[in-house]
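*Asks:* Here it is, the structure, as structure tokens.
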Amino acid sequence: MGLLAAGFWGAFFCAVALMLAGSLAAFFRSLQRVALTAALSSLISALFVVAYLGWLPMDRDHHARMLAHLAVVSATALGLMLMALLGWLRQPRTARRIRVSVLAVAAATLAAGWALEPKEALALSSVMATLGGLLALAVCIRSARRGDRLAWLAVYGVSFMLIALVGLSWIALDLEGVPWYVHAASAVAGVCYLTSMALSMWARYSYLIELREVMAYGPSYDPVTRMRSHAETGQLVGHLFRHVEGESRPVGVIAISIANLYALEQLHGRGAVNHALFICAGRLRRSVPADVEMGRLGDDGFLLLTRNSQDPMRLVEIARTVASRLRRPVSLATAADPSAPQAGRATWAAEVGVGVLAAATPQMRPAAAVTMARDMSRAAWSFGSRIAWFDRDSRSIAELPLTDLR
């Protein structure tokens with residue numbers, strides 16, 4: 001294998017590593033089904049390529065025999081995962097019939113291969129895998145024409161898989177006489193196949209993330225921001241203050257108010273406001289530590305709470321980070337379908353006000369603490385830094401600079 005061909009296969013294995021990293025991230029987010037499917041898809045594909053490139057320490061006959069078995073097993077496993085991804089295995093009776101049929105064909109191919117020479121068995125298994133891929137492609141095209149959007153991704157993925165399979169079969173049957181462009185085409189097709197599989201799994205299983213939030217918060221879940229609703233946030237405030245009642249641990253409160261949502265709605269409609277809230281909520285989740293509780297505060301704001309605010313400067317740094325990131329401009333969709341080619345876009349920047357109540361004592365009424373923080377956030381609209389806090393020395397609301405003054 002030449003240096004150029006090795007470079008293309010290196011790109012393929014980098015794609016495998018990225019998919020494995022994504023599966024680990026899904027696993028740690030308690031999405032085991034997503035993680036298992038992604039990990040198996042990437043590992044089976046990598047093992048398939050390693051074996052077909054002849055990188056296993058085996059003699060030619062044993063290598064060809066092993067490849068014949070690997071082609072059948074890999075095609076069977078990937079075919080079943082594709083069917084599960086498209087939802088064909090949801091009905092138990094249908095799933096049982098499909099599994100039995102696929103496994104029977106695989107077993108017949110393996111049995112027929114043992115009656116042939118190793119290289120002939122490899123050719124038979126490659127033909128079986130290719131025919132299975134063509135059948136899967138036809139079924140995917142049929143599903144796509146019926147309106148299943150996910151099936152179009154499957155069409156692209158199976159098409160690239162077939163290109164990679166044909167190229168790898170050529171390489172396996174003639175390890176030394178294959179030109180570099182066959183390696184390049186096979187490697188690029190493998191990368192495209194992994195990419196389409198990753199996109200398909202995300203499209204099929206991303207609802208699990210939101211479903212978990214819905215099940216956790218029930219009717220108190222806000223689908224626009226994917227946070228607690230205003231009512232659920234009020235219950236959280238009461239719980240935190242009751243939790244520290246009689247103790248010396250203060251509650252940290254940060255209120256965030258956005259001044260120009262009403263003007264945005266008048267200019268571009270409610271859809272643009274929902275898009276703005278969605279973006280702001282996403283930025284907010286990425287900006288605050290994991291131990292900070294978040295929720296909606298009215299129609300134009302958010303509330304951040306810490307259970308044990310022993311370090312006021314930590315809350316100050318969180319407020320500065322939030323104010324800085326939420327004020328960044330964003331391009332908003334002004335049409336009902338943001339993906340439509342004719343969808344309009346509008347550049348918008350949130351007029352954010354942040355109010356910091358660094359240490360609300362347990363003796364303070366929860367409603368009073370939240371109201372005070374919200375009033376400070378609205379007073380912050382007139383400050384250059386857009387951050388206000390309660391200065392205990394002067395016992396008044398004061399501006400908090402974006403950076404410490406030296």
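The values are calculated or read from the model by the stated rules, or taken from the named source; none is laboratory data. Keep in mind the model is a prediction, meaning the values are calculated, not measured. No Cβ is skipped: glycine too gets one built from the backbone with ideal geometry, and neighbour counts run over all protein chains shown. For the accessible areas, the whole protein counts, side chains as well, though only heavy atoms, and no ligand, DNA or RNA atoms are used. Shrake-Rupley method; radii C 1.70, N 1.55, O 1.52, S 1.80 Å.
*Asks:* Could you check how many residues of segment 32-46 are at pLDDT below 80, open to solvent by 50 Å² or more (accessible area, probe 1.4 Å) and not basic (Lys, Arg)?
*Replies:* Summing the residues that are at pLDDT below 80, open to solvent by 50 Å² or more (accessible area, probe 1.4 Å) and not basic (Lys, Arg) in segment 32-46 gives 3.
*Asks:* Contact list please: Cβ distance under 6 Å, first residue in segment 281-299 and at negative phi, second residue open to solvent by 40 Å² or more (accessible area, probe 1.4 Å), pairs at least six apart or on different chains.
*Replies:* Pairs found: ARG283/ARG325; SER287/THR321; SER287/ARG325; ARG296/HIS230.
*Asks:* Shifting gears a bit: Go over the candidates ARG285, ARG212, ARG307, ARG242 one by one and state the one that is at pLDDT 85 or above, open to solvent by 10 Å² or more (accessible area, probe 1.4 Å) and among the basic types (Lys, Arg). Walk me through how you get there before you give the answer.
*Replies:* Working: ARG212 fails: at pLDDT 85 or above; ARG307 fails: at pLDDT 85 or above; ARG242 fails: at pLDDT 85 or above.
Exactly one residue qualifies, and that residue is ARG285.
*Asks:* Let me ask something else. Considering only segment 90-117, state which residues are more than 16 Å from VAL73 (Cβ to Cβ), open to solvent by less than 60 Å² (accessible area, probe 1.4 Å) and either among the basic types (Lys, Arg) or touching a helix residue (DSSP H, G or I) at 6+ places or on another chain (Cβ under 7 Å) (or both).
*Replies:* Of everything in segment 90-117, just one residue is more than 16 Å from VAL73 (Cβ to Cβ), open to solvent by less than 60 Å² (accessible area, probe 1.4 Å) and either among the basic types (Lys, Arg) or touching a helix residue (DSSP H, G or I) at 6+ places or on another chain (Cβ under 7 Å) (or both), namely ILE98.
*Asks:* Another one. Give the residues of segment 106-150 that are acidic (Asp, Glu) and not in a helix (DSSP H, G or I), sorted by residue number.
*Replies:* In the first step, residues of segment 106-150 are kept if they are acidic (Asp, Glu); the result is 117, 120, 148.
Selection gives GLU117, ASP148.
*Asks:* Another question, if that's okay. Restricting to segment 264-296, count the residues that are closer than 12 Å to MET227 by Cβ, part of a helix (DSSP H, G or I) and not hydrophobic (A, V, I, L, M, F, W, C).
*Replies:* Final tally of qualifying residues: 2.
*Asks:* Could you list, ordered by first residue, the pairs with Cβ atoms under 7 Å in which the first is in segment 228-241 and in a helix (DSSP H, G or I) and among the charged types (D, E, K, R) and the second is modelled with pLDDT of 80 or more and open to solvent by less than 10 Å² (accessible area, probe 1.4 Å), at least 6 apart or interchain?
*Replies:* GLU232/GLY295
*Asks:* Is it the case that segment 68-87 has a residue that's open to solvent by 30 Å² or more (accessible area, probe 1.4 Å) and more than 26 Å from VAL16 (Cα to Cα)?
*Replies:* The answer is no; no qualifying residue exists.
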